[in-house]
Amino acid sequence: MNTVSLSNSPRVVFAPGALSSVGSEVSLLNKKRVLLISDESATAHATSLKSELGSLVIESIDHVVMHVPDEFSGPIVDRVRASEVDLVISIGGGSATGLGKIIALDCSIDLMAIPTTYAGSEMTSIWGRTHDSQKVTGRNPAVLPKTTIYDPELTVSLPLSISVNSGMNAIAHAVEALYAPEVNSEIKSAALEGIAIFASGLRGISHNLGNLSARTDLLRGSMLCGFSLNNATMGIHHKICHTLGGMFDLPHAPMHSAVLPWAVQYNQNFATTQLNDVAEALTAPSAALGLWELAKEVGAQTSLKEIGYPLDRTNEVADVISSAKYTNPRPFNHNALVELLSNAYTGSRPNDES
Ligand code: NAD
């Protein structure tokens with residue numbers, strides 16, 4: 001098995017077939033009582049893990065809810081507190097990892113994550129939950145998995161639309177990390193490599209979902225983009241998506257994909273060097289155009305209209321965004337934000353100029 005070393009990150013085990021190393025990784029952490037969380041797509045993997053780990057698994061959850069509503073996680077947290085669980089293992093997409101993080105946070109228990117999408121949460125100390133219908137997020141080292149196991153074979157079943165939108169969501173983390181105040185040479189090279197890998201890997205699976213070599217590349221890309229997210233403050237793109245997600249409950253990854261080219265265009269003249277690097281990684285004339293063309297080519301979402309964004313609420317959205325504190329190369333500009341949202345709504349093509 002390959003282990004990968006990145007600063008401020010979990011221990012990473014990365015290899016096709018790495019699922020078979022879960023038992024030895026649990027032993028390495030010296031854990032004896034496991035709660036196994038799996039989403040609906042990972043039922044078969046959870047069954048094989050249970051048979052491998054045997055009596056170590058004392059609790060299991062086989063259903064998750066996106067954005068971890070308190071009504072869903074609360075009873076699970078109570079159950080875990082009353083048990084002697086000393087390790088949470090999550091297997092599935094970002095929603096499974098997200099539930100694992102809330103249990104790790106509320107019950108002070110270590111987490112091992114086995115991701116099956118490209119969300120990147122398994123590399124971060126960021127948690128998210130829904131409280132009184134509001135999504136809240138925060139950072140806490142307690143939720144950074146102790147170990148993350150990347151097994152590309154688990155991602156071969158990921159349908160095209162989830163793969164490509166989840167990939168665009170991962171790219172968004174890397175793009176915004178490049179113009180974050182914390183950027184350093186390690187973040188920069190991880191982010192640019194992550195973007196380039198996604199551009200080729202998403203094209204690689206768009207005609208053959210079972211392409212294990214492209215799937216392996218994509219999972220490496222999601223590790224690098226997740227690393228970028230963990231070590232940098234996100235800008236206006238994430239502020240917009242957080243606001244739209246909270247106000248209209250739009251689907252997370254497709255919304256990121258539709259907004260990203262236009263958020264990048266908004267920042268183009270305020271982070272020119274960084275966005276020209278993104279354009280180069282995408283081999284495109286500009287970052288905005290490169291991202292839009294990639295999304296179009298692989299079938300990711302480019303239009304907010306198609307996912308139910310109500311354009312007539314744009315002024316309200318702009319007011320919410322202008323009243324929030326966030327870091328971004330370009331200061332808040334009401335008219336430019338309205339234009340950004342209108343372009344993302346129609347999904348029109350950015351122009352060729354950088
Ligand atoms: P998801 O976990 O909701 O999964 C989407 C769908 O794909 C689900 O139906 C799931 O069952 C299915 N699926 C997952 N893996 C599969 C596979 N290999 N084969 C077939 N189907 C599969 O979606 P997501 O995009 O992975 O995660 C989104 C969530 O993660 C959001 O709540 C988002 O806020 C959060 N997130 C958190 C961070 C962080 O750092 N905290 C980072 C990124 C995303």
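Quick look at the values:
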| read-out | value |
| --- | --- |
| Residue check for Thr243: within 16 Å of the ligand (Cβ to nearest atom), among the β-branched types (Val, Ile, Thr), under 30 Å from Arg313 (Cβ atoms) and under 17 Å from the mean Cα position of the chain (by Cα) | yes |
| Test: residue in the range 132-145 that is of a type in the set (Val, Ile, Thr) and modelled with pLDDT under 95 | yes |
| Residue in the range 294-304 that is more than 21 Å from the chain's Cα centre (by Cα) and hydrophobic (A, V, I, L, M, F, W, C) present | no |
| Within the range 116-130, tally of residues that are under 20 Å from Val26 (Cβ atoms) and within 7 Å of the ligand (Cβ to nearest atom) | 1 |
| Breaking point among (1) away from the ligand (no atom under 11 Å from the Cβ); (2) buried (at least 20 other Cβ atoms within 10 Å of the Cβ); (3) not charged (D, E, K, R), for Ser213 | (2) |
| Among residues of the range 23-42, those that are in a helix (DSSP H, G or I) and either within 16 Å of the ligand (Cβ to nearest atom) or acidic (Asp, Glu) (or both), counted | 4 |
| Any hit, the range 156-178, residues being over 29 Å from Met247 (Cα atoms), near the ligand (Cβ under 10 Å from one of its atoms) and not small (Gly, Ala, Ser) | yes |
| Matching option when the condition is more than 23 Å from Leu53 (Cα to Cα), among the aliphatic types (A, V, I, L, M) and out of contact with any Asp or Glu (no Cβ under 7 Å at 6 or more places or on another chain), among Leu99, Leu158 | Leu158 |
| Subset of the range 131-155 that is part of a loop (DSSP other than H, G, I, E, B) and surrounded by 15 or more Cβ atoms within 10 Å (Cβ to Cβ) - its residue that is farthest from the ligand (Cβ to nearest atom) | Lys146 |
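The values are calculated or read from the model by the stated rules, or taken from the named source; none is laboratory data. This structure is a prediction, so every number in the text was calculated from the model and none was measured. Cβ atoms come from the backbone with ideal geometry, glycine included; neighbour counts cover every protein chain shown.
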